[in-house]
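Rule-based calculations on the coordinates, nothing more; no lab input. Note that the coordinates shown come from a computational prediction; the quantities given were computed from them, not determined experimentally. Neighbour counts are summed over all protein chains in view; Cβ atoms, including those assigned to glycine, are modelled from backbone coordinates with ideal geometry.
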Amino acid sequence: MPRNNGVPPTWPLPPDAPPKHEIRVVVAMSGGVDSSVAAALLKKEGYDVIGITMQLWPEDLPLGQRSDSGCCSLTAVEDARRVAHRLGIPYYVINVQEPFQEAVIDRFADEYLRGLTPNPCLLCNQTVKFGLLLEKALELDADYVATGHYARIGYDPARERWVVRKSADPRKDQTYTFYGQTQEQLRHTLTPCGEYTKDQIRELARELGLGVAAKPDSQEICFIPDNDYRRFLREYRPGAHRPGPIYDVDGNYLGQHEGIAFYTVGQRKGLGIAAGKRLYVVAIDPERNAVIVGGAEHVREPGLVVRDVNWVSIPGIDGPMAVEAQIRYNATPAPAVIEPAGPGRIITRFAEPQWGISPGQAAVWYDGDLLLGGGVIAGPLGPEIGGDPGHTNRAPQSQAATAGRS
């Protein structure tokens with residue numbers, strides 16, 4: 001397996017690990033090229049490999065336009081089964097529909113109804129892949145769960161902890177999704193694809209004769225194959241359609257929205273209001289069932305507050321630290337300074353204001369290629385904790401409470 005400079009010689013295993021043929025690994029096989037090659041790489045290195053596909057979707061889920069080849073489809077299961085057969089590894093399908101619905105789908109819908117912008121892939125990682133599947137793996141006397149994620153996870157003796165580093169392919173890096181993993185979860189995790197680029201993974205699949213070598217990547221939320229989350233929410237949570245007022249940042253009533261669940265910070269299209277300039281969603285106020293809009297200048301924020309912080313590659317901080325902060329999946333990390341703001345909370349101040357800070361999304365921090373940790377965005381940095389006292393992204397209560405009424 002290719003090695004990157006600066007990693008320990010036994011990477012990704014700890015120095016006292018047993019021989020690989022004594023290590024059992026359960027690979028989460030989705031039927032895609034990444035997880036298939038992950039299984040092949042581990043088998044080639046001598047691990048005792050078992051393939052498992054998780055059935056995630058409840059039978060009555062409103063899927064919209066279904067995909068015959070996407071994640072969790074019958075075709076995906078058969079693709080994974082064929083790969084396992086070619087590799088000569090045991091293969092099982094397990095049903096986790098009910099816990100997946102409760103931990104991921106219901107929470108996804110509920111957070112939108114609360115005016116937040118959730119990331120279901122993060123929920124799935126924390127509660128299903130490295131929660132439920134890890135429990136199943138341990139029941140099978142396995143030592144690790146492996147996935148096709150593009151991340152480099154291993155034990156660092158110098159830090160005396162498991163760490164997460166960016167993958168060899170910057171375009172495909174998925175370390176953002178690992179900010180919530182505990183040390184106990186990381187010590188049972190392998191991600192062999194992280195040492196390769198996507199092109200190399202596809203070439204390996206071709207060399208191994210795997211039928212999924214040219215299979216397209218999944219681009220959608222797995223349980224919303226048509227990628228229309230608004231359609232999904234209307235069908236899955238009929239109560240999401242609860243109209244309410246749209247105010248500008250000065251508290252002026254501009255019109256009605258369809259329901260706060262259908263709007264996210266930074267959104268411009270679909271507001272349904274006429275104005276002399278471009279307007280964007282600046283904030284969502286679930287207490288008043290209101291959407292606040294403003295100009296582009298109101299969507300950029302100098303900082304944010306993060307809650308429910310989890311530290312990954314370091315044990316924590318006790319003072320300011322220069323980092324690169326990423327505020328959404330596929331966003332470019334930006335220079336920032338972080339500092340403690342009470343138990344489980346961190347303030348992040350950016351060198352340059354950032355666009356569309358969305359409560360409910362994750363903010364994660366890097367030091368070079370090292371994932372330090374992250375948490376859930378509570379909101380932009382307010383003046384009461386060091387933000388710009390002349391800037392706000394919420395309509396004043398006194399005006400907005402009465403705007404539009406006679």
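Sorting 32-42, 167-177 by average packing, meaning the other beta carbons within 10 Å per residue, from highest down gives 32-42, 167-177. Over the stretch 280-382, the fraction of Cα-Cα pairs per 10 Å bin, rounded to whole percents and listed from the shortest bin up, is 16, 50, 26, 8, 0. Using only the Cα atoms, work out Rg/Rh for the stretch 234-336, with Rh taken as the Kirkwood radius, to two decimals. Ratio of gyration radius to Kirkwood radius for the stretch 234-336: 1.07. Evaluated at q = 0.18 Å⁻¹, the base-10 log of the normalised Debye intensity for the stretch 217-269, with identical point scatterers placed on the Cα atoms, takes the values -0.71. Dividing the convex hull volume of the alpha-carbon atoms in the chain by its residue count gives 146 Å³ per residue. Using a Debye calculation, one point per C-alpha and no hydration shell, please list log10 I(q)/I(0) for the stretch 116-250 at q = 0.12 Å⁻¹ in order. The Debye formula, applied to the Cα set alone, gives -0.66. Label sites at E98 and R242, each approximated as a point 7 angstrom past Cα along Cα to Cβ, lie 2.9 nm apart.
For Y150, nonlocal amide neighbours, meaning residues 5 or more places apart or on other chains whose placed amide H falls under 5 Å from its own, are Q174. Label positions at D367 and E324, each projected 7 Å from the Cα along the C-beta direction, are separated by 1.5 nm. Using every pair of distinct Cα positions in the stretch 20-207, the Kirkwood expression returns a hydrodynamic radius of 17.1 angstrom.
Whole-Hz Karplus values for the stretch 268-283 come out as 10, 7, x, 6, x, 10, 9, 8, x, 8, 5, 10, 10, 5, 9, 7 Hz, taken residue by residue from phi with 6.51 cos²θ - 1.76 cosθ + 1.60 and θ = phi - 60°; glycine and proline positions read x. A Förster radius of 41 Å combined with the Cβ-Cβ distance from R161 to Q55 puts the calculated FRET efficiency at roughly 0.75.
Of the residues W11, W365, the one with the fewest other Cβ atoms within 10 Å heads the list, and the complete ranking is W11, W365.
A simple spin-label model places the labels of I273 and R171 4.0 nm from each other, with each point 7 Å out along Cα-to-Cβ.
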